[in-house]
Each structure stands twice: as C-alpha cells, then as structure tokens.
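Enquirer: Here it is, the structure in full.
The values are calculated or read from the model by the stated rules, or taken from the named source; none is laboratory data. Source: prediction; values computed, not measured. Here Cβ is always computed from backbone atoms with ideal geometry, including for glycine, and neighbour counts include all displayed protein chains.
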Amino acid sequence: MNLLISNVQRFSLHDGPGIRTTVFFMGCPLRCPWCCNPENLTKEIKKYKDINGEEKVYGKEYTIDELEQLILKDFDYYSDNGGVTYSGGEPLLQLKEGKELLVRMKERGISQCIETSLSVPIELLEPIVDYIDIFYVDLKIMDEKKYEEKLKRAFIYFKNNLDFLHSKNKKICFRVPIVDNFTNNEENLKKVKEYILKYSNEKATVFSVHNMGKIKYQNLNIPYKEFSPIPKEQIEKIEKYLNE
C-alpha cells in the first residue's frame, strides 16, 4: 500500500510531546481561507518550478516499509514520550489504508499522535482510533452554517467524530487558530470555550494566522490572500480566556 506524503520532518518539537517525526499526508476535506499548506489540499503530486526555474514537486509515494524506516531512524530520540505525529492535509483520509504502519509503530511502543480536523466519515476514524495516543483537534469556526459556508464541509462529520473520541476516552488536545473575520470574534470564541470544557481536560493551544505559506501558493499558481497576524498580547489574552 502506497501513501502520498508531502514531507517527513524529523526532530519536530511542536507536534506533540518530546522529539517527534512528523509525517505530512496529502489531501484535505476542508478549504480554510487561511490554509498555509496548499500543496496538501488535494491527493496528487504537484509539479512546479522554483525561483531559479528548477523543476520540483510537492508529494511522493511511500510504501509502508519506507515510512517505517524513516520513522525508525530517530527511534533512539523518542524517549520521554517522543514518537511520530501524523499531520497534513488530513491524515485520516489515508490512515485507514495505511493502518499497517500504525500497527508496526504500536508493536514497537512508539507514541503516535495525529493532527486532524475530524472532518471525515467516521468509517475512516474507527479502524485506527485505538492506535493513536493523542488527538490534536482544530477548533475553527464553530457555528454550523458558517463552518459549512467558509470551510466547504458539513459540520456533522466533525461533531460525530468528536463525540466518538470522547466516548472512547481518548486524549483530546484542542488547537485554535485565531483569524480575524473568521474565528476571532466573541460569539465564536465562546463556542470554542464550550467545546474545550466539554471534551478535554487539557489546555488548548492558541495561535495566530500567518503568511508563511505564501511562496507555496506562488509556486502552484494559486491566488493568495494575506491575513494580518494577531498580536502576541491578544493571543495570550484569548488563550487565558479559553483555558480559565
């Protein structure tokens, strides 16, 4: 079984506890206006030319064996809760097919985390849920109609999967992107806080939108809209409110 991956990042320090290897899966069901990984929106290899005119690609097919060997390169560094994190895009779109990788990591005692929007059919989540130690879940636009209008996906997928994880007593850590005109308003943040209190015992991580993905949009000839970063003081204030 081949999996379509855009990047395998070693020695990651911000994608879960300890030192981790982060695997970025291609394909995503959402269309967030502030997305910083446009190369992962669709599950296909994308060719482009860099600033020097050199032909390059986003995406590569990996076998389970190849990914396993890449992850195991840093096995000795995974002590103190380190391990592998599956990110994207949306890793749940491929992990059911790549379940054998999860099985192998579990057998070796390697911690497995996932960064997910949960916006997929529950049939993609159920087969792999017992192999994941921590679910890092995005809380974005929490009004159902606005979620569907802005992110182009039915809200019910997210809600059903979140209820399922909660029923399984899985560890859920929320992450909250702060974006003016989308997530950064009193009504939305109030709903975000309600979800944090209901579904998680962990502090939520709050972060500002950024424009670091701009070069990728240019490489792929996709129109790009810049967003104003949120000041650090405002982020800290929101984080304090959500975690009270």
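Enquirer: Might you let me know whether segment 2-11 holds any residue that is more than 16 Å from G213 (Cα to Cα), in a strand (DSSP E or B) and without any contact (Cβ under 8 Å) to a residue 24 or more places away in the chain?
Expert: Looking through segment 2-11, at least one residue is more than 16 Å from G213 (Cα to Cα), in a strand (DSSP E or B) and without any contact (Cβ under 8 Å) to a residue 24 or more places away in the chain.
Enquirer: Applying the selection to segment 97-112, what residues are assigned to a helix (DSSP H, G or I) and β-branched (V, I, T)? Walk me through how you get there before you give the answer.
Expert: Here is the first cut: in segment 97-112, the residues assigned to a helix (DSSP H, G or I) are 99-107.
If the condition is that a residue be assigned to a helix (DSSP H, G or I) and β-branched (V, I, T), then V103 is the only one that fits.
Enquirer: Considering only residues that are acidic (D, E), modelled with pLDDT of 95 or more and farther than 24 Å from Y224 by Cβ, look in segment 10-66 and name the one that is nearest to the chain's Cα centre (by Cα).
Expert: Among those residues, the one meeting the criterion is E61.
This table checks each residue for (1) assigned to a loop (DSSP other than H, G, I, E, B); (2) of a type in the set (S, T, N, Q); (3) out of contact with any Phe, Trp or Tyr (no Cβ under 6 Å at 6 or more places or on another chain).
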residue	(1), (2), (3)
G27	yes, no, yes
K47	no, no, yes
D65	no, no, yes
L70	no, no, yes
V84	no, no, yes
G89	yes, no, no
L93	no, no, yes
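Enquirer: For D65, which of the numbered conditions (1) buried (at least 16 other Cβ atoms within 10 Å of the Cβ); (2) without any contact (Cβ under 8 Å) to a residue 40 or more places away in the chain; (3) among the charged types (D, E, K, R) fails to hold?
Expert: In the conditions (1) buried (at least 16 other Cβ atoms within 10 Å of the Cβ); (2) without any contact (Cβ under 8 Å) to a residue 40 or more places away in the chain; (3) among the charged types (D, E, K, R), D65 misses (1) alone.
Enquirer: (1) over 17 Å from P91 (Cα atoms); (2) assigned to a strand (DSSP E or B): which one isn't true of G53, the others all being true?
Expert: Checking G53 against (1) over 17 Å from P91 (Cα atoms); (2) assigned to a strand (DSSP E or B), the one that fails is (2).
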